[in-house]
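Read the figures in this text as sums done on the coordinates, not as results from a lab. Note that this is a predicted model, so its numbers are computed, not measured. So basically every Cβ, Gly included, is an ideal-geometry build from the backbone, and we count neighbours across all protein chains shown.
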Amino acid sequence: MAYKGLREFVETLERAGELVRIKTYVDPVLEMTEITDRVSKNDGPALLFENTGTSFPVLINSMGSYKRMCMAMGVNHMDDVTKEIEGLFHTLTAPKESLMDKLKLLPTLGKVGSWMPKVISGKGKCQEVIITEGIDIFKLPVMKCWPQDGNRFITLPIIHTKDPLTGNRNVGMYRMQLYEPAMTALHWHLHKVSRRHFNEYKKLGKKMPVAVALGGDPIYTYSATAPLPDGIDEYILAGFIRKKKVELVKCITQPDIEVPADADIIIEGYVDPTEDLIWEGPFGDHTGYYSLPDYYPRFHITAITHRNDAIYPSTIVGIPPQEDAWIGKATERIFLAPIKMTMVPEIMDMILPIEGVFHNLAIVQINKTYPGQALKVMNSLWGAGQMMFTKMMLVVDQHTNINDYQALARYVSENVDMMQDIIISQGPTDVLDHSCSVMAFGGKLGIDGTKKLPEEVRHPNLPNPNPAKFAFPVEEIKTLFPEIKDINTDLLKLGISCVFIAVEKNRRGHVKQLAQELFKLRAFNPIKAILFLDGAMQLNDIQDNVWRFSNNADVKRDTLIIEPLNDDEPAHIAIDGTRKTKAHDGFQRDWPNILVSDDETIEKIDHIWDQLGLGKFLPSPSRKYKTLMYGQEAVASE
């Protein structure tokens with residue numbers, strides 16, 4: 001369905017029992033984050049902060065569940081969109097041999113045409129109030145999310161730019177740090193389309209018009225995050241999902257840019273490519289760590305317009321799960337169909353686990369019919385758009401359930417030969433991957449977890465012992481190696497040949513040396529994989545272990561494969577998921593700290609919790625992670 005604005009979406013959520021209005025004053029600086037973090041990590045509702053110290057309420061966590069994400073998209077199940085895309089592809093690409101076949105296509109083409117965005121004349125609802133004098137972005141309830149953030153950040157901006165050569169529109173989502181009443185930064189990553197537009201304007205020596213929309217139909221927000229190919233208008237996707245074209249109006253002071261007529265708030269302005277860039281950040285990011293400062297373009301605001309009843313939309317990102325996990329789930333489902341039908345037809349399903357924060361881990365299921373097919377799929381996907389950022393890719397076949405993580409892990413454990421079924425490569429990585437030795441370039445790990453065909457088997461008599469049948473001597477191992485602070489063997493009890501080990505590093509090359517020593521012991525013979533984490537980690541939470549390990553490993557630099565002495569012996573793998581330092585690892589980059597609220601904010605929210613109308617008291621998730629911090633700053637201290 002198409003929402004007429006954010007307020008209609010709020011009313012829909014409220015009728016469904018999916019929203020709580022908070023009437024007590026809550027400061028957008030840190031306090032809203034602390035409340036939202038507690039709610040989002042406990043599958044809680046959308047929140048409407050009505051008393052923000054400004055004229056605008058704040059809506060947050062509005063898409064923070066499977067149900068609410070479906071409500072935003074107007075469907076009962078996310079796979080409904082996948083099926084509709086598949087049906088559309090089949091219709092458009094099927095052979096058209098007769099005139100009648102071609103005539104049957106006309107209704108579909110008419111439907112496609114109805115999704116195309118349209119520029120309408122006059123002003124939109126988003127321009128009921130127009131401010132071009134005395135502009136002050138701080139009059140919006142912009143949040144500061146985490147203690148070491150560089151300032152307040154707009155976190156759900158729908159940013160509109162145009163290619164100066166082709167006129168093609170791009171709609172993206174890039175955070176905006178506030179500096180002055182009429183100036184912010186625009187966080188355009190190296191690989192983003194708007195960054196390319198900026199470079200073209202720089203070559204031309206022209207100012208770049210930019211407009212930022214906030215709110216409106218929630219599908220606008222989603223579409224701005226979607227990994228569409230360059231040159232494909234995001235508002236076509238929005239029109240397809242909402243089944244109604246997006247109506248656009250020209251900006252007041254930047255008429256070359258059009259924005260949704262029913263948005264809640266519009267921020268118009270320009271970027272001058274001849275200006276010096278500005279130092280932006282730190283920012284508490286979706287990885288669960290601070291992204292550290294760097295230089296980005298200045299955005300000069302020339303107008304702020306808004307609806308009379310505007311709502312300011314916001315989100316927080318941090319240690320998963322957060323609202324962005326469900327936005328990512330929508331992308332996973334929507335883009336499965338195009339990948340299957342245009343690139344990798346053998347794909348049956350694909351998931352991006354929340355713990356992998358989108359770019360760290362992908363699990364792909366294929367209909368396997370020939371040797372080496374899993375490797376072919378890995379290489380195909382690493383060459384596909386934003387899948388190029390995927391750090392670790394696991395491919396399995398049709399004989400398991402990828403949504404049952406326990407059964408999936410056991411299946412992979414039974415079928416993977418660490419000598420034969422692991423590929424290590426390198427390539428582009430997400431700019432936010434702090435583990436790489438150099439920015440935006442690092443290792444890739446591919447795991448073939450499929451059942452092997454005869455041609456793929458290294459040795460027909462390769463032993464594959466069930467680790468659940470072995471008693472693992474945890475205390476004996478810790479006594480032999482005092483630097484080992486904890487061992488989690490929960491997976492072994494489930495028949496999954498992997499252990500997590502928390503180690504206190506004290507020398508160069510410590511983890512790889514330790515792995516070699518451990519795999520010499522009889523107790524480790526049936527274990528295929530060790531994942532090392534920092535000594536301060538409490539290893540009882542497998543999800544946290546995966547989140548931490550996948551963030552902290554450059555899998556080319558930090559992976560050790562222990563080759564067997566004989567063909568009929570198992571191989572082993574160890575991956576170093578600890579923090580990297582100059583002293584112990586020769587690591588030259590700054591390492592970011594994890595995201596936790598400060599004690600003062602936690603105590604303030606504890607004190608006012610009963611006034612918020614959120615029911616049973618929820619303790620702060622930050623307390624769990626305090627012991628993992630390295631100092632109190634965004635950059636981890638020694």
The chain: relative contact order in percent, alpha carbon pairs under 8 Å with at least 6 residues between:
14
Between (1) 43, 31, 23; (2) 67, 28, 24; (3) 38, 34, 24, which matches semi-axes √(5λ) of the Cα gyration tensor in Å calculated for the structure shown?
(1)
Any idea how far the Cα center of region 253-284 sits from the one of region 199-213, in Å?
10
Per the charge dipole of the chain (beta-carbon charges, Lys/Arg positive, Asp/Glu negative, Cα centre), the residue among 26, 574, 418 reaching farthest to the positive end is 418
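Would you mind ranking 445, 48 by Cβ crowding within 10 Å, fewest neighbours first?
Arranged by neighbour count, lowest to highest, 445, 48 become 48, 445.
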Would you please give the residues with an amide H less than 5 Å from that of residue 392, counting only those at least 5 places away or on a separate chain, with H modeled from the backbone geometry?
361, 362, 445
For region 482-506 and region 22-93, distance of Cα centres in Å
37
Ranked from highest to lowest mean number of other Cβ atoms within 10 Å per residue, what is the order of the peptides 328-338, 357-367?
357-367, 328-338
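In the chain, what percentage of the DSSP-assigned beta bridges are antiparallel, given to the nearest 5?
On the way: 64 of 92 bridges.
Rounded to the nearest five, the antiparallel share is 70 percent.
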With only helices counted (DSSP H, runs n ≥ 4, each -39500 (n - 2.57)), the per-residue ellipticity at 222 nm for the chain, to the nearest 500, works out to -7500 deg cm²/dmol
Phi-based couplings in Hz for region 161-175 (Karplus 6.51, -1.76, 1.60; Gly and Pro marked x)
9, 10, 5, x, 8, 10, x, 5, 7, 10, 10, x, 10, 9, 4
Once the dipole of region 468-592 is set up from charges on Cβ (+1 Lys and Arg, -1 Asp and Glu), the residue from the list 551, 506, 533 lying farthest towards its positive end is 506
Within straight-line cross-link reach of residue 520, aspartates and glutamates at Cα separation under 20 Å, skipping those fewer than 8 residues along the same chain:
417, 475, 476, 483, 486, 558, 563, 567, 568, 569, 576
Report, to two decimal places, the Cα Rg of region 261-324 normalised by 2.2 N^0.38 Å (N = number of residues).
1.46
Sort 279, 146, 382 so the one with the fewest other Cβ atoms within 10 Å of its own Cβ comes first.
279, 382, 146
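Return 183, 71, 208 ranked ascending by Cβ neighbour count within 10 Å, so the fewest neighbours appear first.
Values: 183 16, 71 22, 208 26.
Ranked by crowding around the Cβ, least crowded first: 183, 71, 208.
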Using the Cα atoms as the points, what is the convex hull volume per residue of region 122-181 in Å³?
147
Along region 456-463, what does the Karplus equation 6.51 cos²θ - 1.76 cosθ + 1.60 (θ = phi - 60°) give for ³J(HN,Hα), rounded to whole Hz, x for Gly and Pro?
9, 8, 5, 8, x, 9, 5, x
Listed by chain and number, the residues whose amide H is under 5 Å from that of residue 299, excluding neighbours fewer than 5 places away on the same chain and using placed H, are 184, 185, 186
Between region 442-457 and region 600-638, how many Å separate their Cα centres?
42
May I ask you to list the lysines whose Cα is less than 19 Å away from that of residue 203, ignoring any residue fewer than eight positions away on the same chain?
162, 192
Have a look at 278, 288, 241 and report the one farthest towards the positive end of the charge dipole of region 238-305, computed about the Cα centre with Cβ charges (Lys/Arg +1, Asp/Glu -1).
241
Once the in-chain neighbours fewer than 8 apart are removed, the lysines whose Cα is under 22 Å from residue 626 read 41, 144, 485, 505, 580, 604
Cα extents of region 120-233 per principal axis, largest first, Å, are 39, 37, 31
For region 412-521, the Cα gyration tensor yields equivalent-ellipsoid semi-axes (√(5λ), largest first, whole Å) of 26, 25, 12
Of all DSSP beta bridges in region 465-622, antiparallel share, percent nearest 5
45
Nothing charged except the Cβ atoms of Lys and Arg (+1) and of Asp and Glu (-1): what's the magnitude of the dipole of the chain about its Cα centre? Round to the nearest 20 debye.
1140
Cα-based equivalent ellipsoid, region 475-601: semi-axes from gyration tensor eigenvalues, Å
26, 18, 14
When you have a sec, figure out the Kirkwood radius of region 332-428 from all distinct Cα pair distances and drop it here in Å to one decimal?
13.8
